[in-house]
Amino acid sequence: MEYKEVPFEKRINENIRNYAMDNLYPVGSLTTHLKALAAVTGAELLLTDRHGEKIVSVGNFAGFVPDVVGEPGRKVRIYNRTVAHLYAKTTGVEEDRLQDVERMLDVTVIMLSYLGEEAYLHRESAIYMDELEEKLEERHTQAAACQNEDVLTGVYHKFYFEERMNVIDRSGVIPIAVINANINDWKYVNDHYGDEESDRLIKTIAGILKEEAKPDYVIGRVDGDVFIILIPMAEDGEAEDYCRRVQEACIAYEDDIIAPSVACGIVYKTNVENKIADVLPDAEYEMFNNKLEIKNAPGYRERLEKKK
């Protein structure tokens with residue numbers, strides 16, 4: 001049963017269809033009760049589920065095939081849905097007691113409906129409360145994460161990224177690949193297509209950066225169109241391969257308006273005495289060299305200006 005995002009009232013009205021008899025009643029106690037009722041009244045009793053499958057049988061019902069549609073017996077109903085059928089043979093009941101026996105059987109059905117509804121509500125309420133607690137915890141976790149994330153892109157915002165950068169510095173881990181990734185011609189898109197499309201370009205680039213990254217990569221948006229990616233304990237060629245995949249994914253991206261492109265500059269922090277911030281200018285320098293190479297490449301302007 002799927003509970004999430006379903007209002008409690010709707011759940012209560014619909015989920016009863018998913019419950020079997022043993023979800024609602026202790027079958028052993030039902031058997032004891034119906035045996036006692038049969039002994040007192042002299043009636044033979046058969047309790048089936050909603051489909052006619054036998055649950056409890058007291059007496060001789062050999063050859064009897066319950067017809068839950070045509071001859072449903074007494075229906076046990078919970079929230080307007082039948083969950084069981086009670087059949088009774090009263091041929092052995094004395095005539096002067098028959099009316100009292102029929103009333104006892106009617107009361108038994110009312111009792112079964114009431115007890116089943118109580119068990120159903122208790123179980124559904126418990127599940128509902130568990131789901132609410134889980135949802136609240138999930139939202140709390142999401143809210144805490146969002147406090148550290150850039151609203152537009154979902155990567156770390158500048159201030160939290162700087163905190164992570166300092167933590168990595170203090171850890172003494174080396175080498176650390178430091179990548180400056182700058183969106184090419186973001187201003188062109190903004191000037192020609194407006195804020196909505198330029199924001200979409202930023203989100204698209206951020207999505208590619210995250211998609212190609214491994215779980216331990218630290219990605220931050222430190223300026224409007226600038227991202228910094230840190231790769232702790234980077235293996236030989238790992239950062240270069242990452243940038244290659246990112247740039248290839250940008251070129252492969254098909255869109256009627258935006259043409260994602262990103263320049264990447266890679267440097268390494270190899271001395272534990274240095275800080276990541278010390279090598280950021282070098283990463284930016286390498287990025288600008290890569291930007292010139294990309295923007296002067298054949299076909300770049302045609303791809304950028306395809307909708308002009």
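The values are calculated or read from the model by the stated rules, or taken from the named source; none is laboratory data. None of the values given here were measured: they were computed from a predicted structure. Don't worry about glycine lacking a Cβ; one is built from the backbone with ideal geometry, like all the others, and counts go over all protein chains shown. Please note that ligands, DNA and RNA were not included when accessible areas were found on the heavy atoms of the full protein model with its side chains. Shrake-Rupley method; radii C 1.70, N 1.55, O 1.52, S 1.80 Å.
Observations
- Mean residue ellipticity at 222 nm, helices only, the chain: -16500 deg cm²/dmol; runs of at least 4 DSSP H residues each add -39,500 (n - 2.57), and the sum is divided by the number of residues.
- Accessible area of the chain belonging to carbon and sulfur atoms, whole % at 1.4 Å probe: 51
- Computed over Cα pairs, the Kirkwood radius of the chain leads via Stokes-Einstein (0.692 mPa s, 37 °C) to a diffusion coefficient of 128 µm² per second.
- Set of region 252-287 residues, backbone N closer than 14 Å to the point 7 Å along the Cα-Cβ line of GLU197: 255-260
- Helix 276-295 axis, angle to the chain major axis (alpha carbon atoms, nearest 10°): 80
- In the elastic network of the chain, a GNM with C-alpha springs shorter than 10 Å, the most mobile of ALA88, ALA213, ALA181 is ALA88.
- Degrees, to the nearest 10: 195-212 long Cα axis against longest axis of the chain: 80
- Whole-angstrom gap from region 200-236 to region 99-134, using each part's C-alpha centre: 55
- Just checking the listed ones, GLY92, GLY172, GLY73: in the Gaussian network model of the chain with Cα springs under 10 Å, the one fluctuating most is GLY92.
- Residues considered: ALA38, ALA283, ALA62. Largest GNM mean-square fluctuation over the chain, using C-alpha springs under 10 Å, is found at ALA62.
- Fully extended contour minus Cα-Cα distance, from ARG81 to LYS54, at 0.36 nm per residue: 7.9 nm
- In range of the label at LEU98: residues from region 61-75 whose backbone nitrogen is under 19 Å from the point 7 Å along Cα→Cβ: 73-74
- Region 142-236 - percent relative contact order, Cα under 8 Å, separation 6 or more: 40
- Here the 3J(HN,Hα) profile of region 78-92, calculated from phi with Karplus coefficients 6.51, -1.76 and 1.60 at θ = phi - 60°, is 10, 6, 6, 10, 6, 10, 7, 10, 10, 9, 9, 9, 10, 5, x Hz, Gly and Pro shown as x.
- Take every Cα pair under 8 Å whose residues are at least 6 apart in sequence, average their separation, divide by the length of the chain, and the relative contact order is 14 percent.
- When the alpha carbon gyration tensor of region 15-132 is reduced to an equivalent ellipsoid, the three semi-axes, largest first, read 28, 15, 12 Å.
- Local electrostatic count at TYR87 - Lys and Arg +1, Asp and Glu -1, tallied over other residues with Cβ under 12 Å: +1
- Nearest-ten-degree value, helix 27-41 long axis tilted from longest Cα axis of the chain: 20
- Backbone N atoms of region 14-36 closer than 12 Å to the 7 Å Cα→Cβ label point of PHE61 belong to residues 31, 34-35.
- Rough spin-label spacing in nm, given labels placed 7 Å along Cα→Cβ, for ILE257 and GLU9: 4.2
- Per residue, in Å², the accessible surface of region 67-123 once ligands and nucleic acids are set aside, probe 1.4 Å: 61
- Average accessible surface for region 179-239: 44 Å² per residue, computed with a 1.4 Å probe over protein heavy atoms with every protein chain in place.
- Counting 0.36 nm for each residue step from VAL226 to ILE174 and taking away their Cα separation leaves a gain of 16.3 nm.
- Dipole check for the chain: with +1 at the C-beta of Lys and Arg, -1 at the C-beta of Asp and Glu, and the Cα centre as origin, the magnitude is about 680 Debye.
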